[in-house]
1. Of the residues Leu35, Leu21, Leu12, only one is under 19 Å from the mean Cα position of the chain (by Cα), at pLDDT below 95 and open to solvent by less than 70 Å² (accessible area, probe 1.4 Å); which?
2. I need a count of the residues in the stretch 50-61 that are open to solvent by 20 Å² or more (accessible area, probe 1.4 Å) and in contact with an Asp or Glu (Cβ under 9 Å, 6 or more places away or on another chain).
3. Scan the stretch 102-111 and give yes if some residue there is touching a Lys or Arg at 6+ places or on another chain (Cβ under 7 Å), in a helix (DSSP H, G or I) and not aliphatic (A, V, I, L, M), otherwise no.
4. If you scan the stretch 60-87, which residues turn out to be hydroxyl-bearing (Ser, Thr, Tyr) and touching a Gly at 6+ places or on another chain (Cβ under 9 Å)?
5. In the stretch 206-229, what residues are at pLDDT 95 or above and either hydroxyl-bearing (Ser, Thr, Tyr) or under 11 Å from the mean Cα position of the chain (by Cα) (or both)?
6. What tally of residues in the stretch 69-101 results from selecting those that are open to solvent by less than 80 Å² (accessible area, probe 1.4 Å), closer than 30 Å to Asp188 by Cβ and in a loop (DSSP other than H, G, I, E, B)?
7. For the stretch 172-240, which helices (runs of 4 or more DSSP H) that fit wholly inside it have 1 or more residues that are open to solvent by 10 Å² or more (accessible area, probe 1.4 Å) and farther than 15 Å from Ala34 by Cα?
8. Can you pull out every residue in the stretch 230-252 that is more than 19 Å from the chain's Cα centre (by Cα) and small (Gly, Ala, Ser)?
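The values are calculated or read from the model by the stated rules, or taken from the named source; none is laboratory data. Note that this is a predicted model, so its numbers are computed, not measured. Neighbour counts run over all protein chains shown; Cβ positions are idealised from the backbone, glycine included. When the accessible area is computed, the model is the full protein with side chains, heavy atoms only, and any ligands, DNA or RNA have been set aside. Shrake-Rupley method; radii C 1.70, N 1.55, O 1.52, S 1.80 Å.
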Amino acid sequence: AVVSTQSTGGDLLYSPTLVALLQAAASGENKVFALIIVDVQNDFISGSLAVAEGEMVVPVINEMGPLFKHIYKTADWHPANHISFHSNVKKGLYETSARSNIKGCDSEMFQTVIVKGPPELKQTLWPDHCIQGSFGAEFHKDLKVFPGEVRVNKGMNSTVDSYSGFWDNGDTSHTPLFSMLLEHGVTDVVVCGIATDFCVGFTALDAARHGFRVVVVDEAIRGVMHDTSAGMVARCKAAGVEFTSCSNVPKLLQETDTSDTVERIFRVKKHFTVTDVNANQQYTPPVN
């Protein structure tokens with residue numbers, strides 16, 4: 001069954017079993033792998049924000065998918081008044097900051113402005129894309145539906161963009177992805193999809209800072225621009241993200257040694273602080 005999940009705001013509050021889940025993942029006899037498929041949607045393949053050769057990731061993902069028990073598909077799911085749309089900023093729906101070199105009324109497509117917020121953030125201005133309920137927001141027709149896959153919607157808050165499958169661009173709200181990975185004892189994630197320089201890259205970076213081993217599959221990603229994609233790959237590698245070929249994935253999934261998981265798990269654990277709310281644990285995202 002396909003389960004659609006929605007993002008929520010505020011601090012992440014988990015049950016008291018959260019640290020136990022982290023420790024179990026670190027001490028388990030086998031690694032647990034998950035596949036995160038990022039934004040393989042019509043608008044990014046043949047629509048308003050089409051990425052060159054975007055359709056080429058689909059057969060590679062279809063080949064890998066059956067190898068995984070845990071599969072998550074992220075999806076932009078924007079309201080029509082979303083802040084990332086150039087049309088909305090151009091007509092003054094959102095005010096630019098006094099620090100922005102470009103004012104909304106003077107902006108052009110694909111330029112970057114600083115929106116007043118809150119939060120005050122840099123915002124690249126995109127064509128309208130992946131509007132809730134539209135054809136452009138649907139997954140590509142040739143992308144297989146895998147048993148037990150979970151859809152993770154993002155970008156539903158009209159006032160802040162969300163590249164990552166985990167957090168919005170201001171770290172002010174989150175999706176359920178992190179908690180779902182923990183609940184299934186996932187130690188390693190394999191990331192693929194569109195686009196390398198934005199949603200794939202930031203999803204990989206967030207997965208790494210949350211303590212997971214992250215592997216990106218070269219043939220299963222495509223970027224908006226070559227230079228920004230190369231820069232994102234370098235940034236990911238500096239954060240410990242690995243890149244591999246699709247042909248190496250079956251061998252990767254045979255790995256069982258979890259000793260390398262311990263350091264990552266406890267690096268994340270130090271960011272947890274006990275709260276007085278029903279003895280739950282409060283979580284704030286680690287700093288990059």
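1. Leu12
2. 5
3. Filtering the stretch 102-111 for residues touching a Lys or Arg at 6+ places or on another chain (Cβ under 7 Å) gives 104-105, 107.
If we keep only those that are in a helix (DSSP H, G or I) too, we end up with 104-105.
Narrowing the set further to residues that are not aliphatic (A, V, I, L, M) leaves 104-105.
Within the stretch 102-111, one or more residues are touching a Lys or Arg at 6+ places or on another chain (Cβ under 7 Å), in a helix (DSSP H, G or I) and not aliphatic (A, V, I, L, M).
4. First, the residues of the stretch 60-87 that are hydroxyl-bearing (Ser, Thr, Tyr): 72, 74, 84, 87.
Result: Tyr72, Thr74, Ser84.
5. Selection gives Thr228, Ser229.
6. Adding up the residues that qualify gives 1.
7. Details: elements: 177-183, 201-209, 226-238.
In the stretch 172-240, the matching helices (runs of 4 or more DSSP H) lie at 201-209, 226-238.
8. Across the stretch 230-252, the qualifying residues are Ser245, Ser247.
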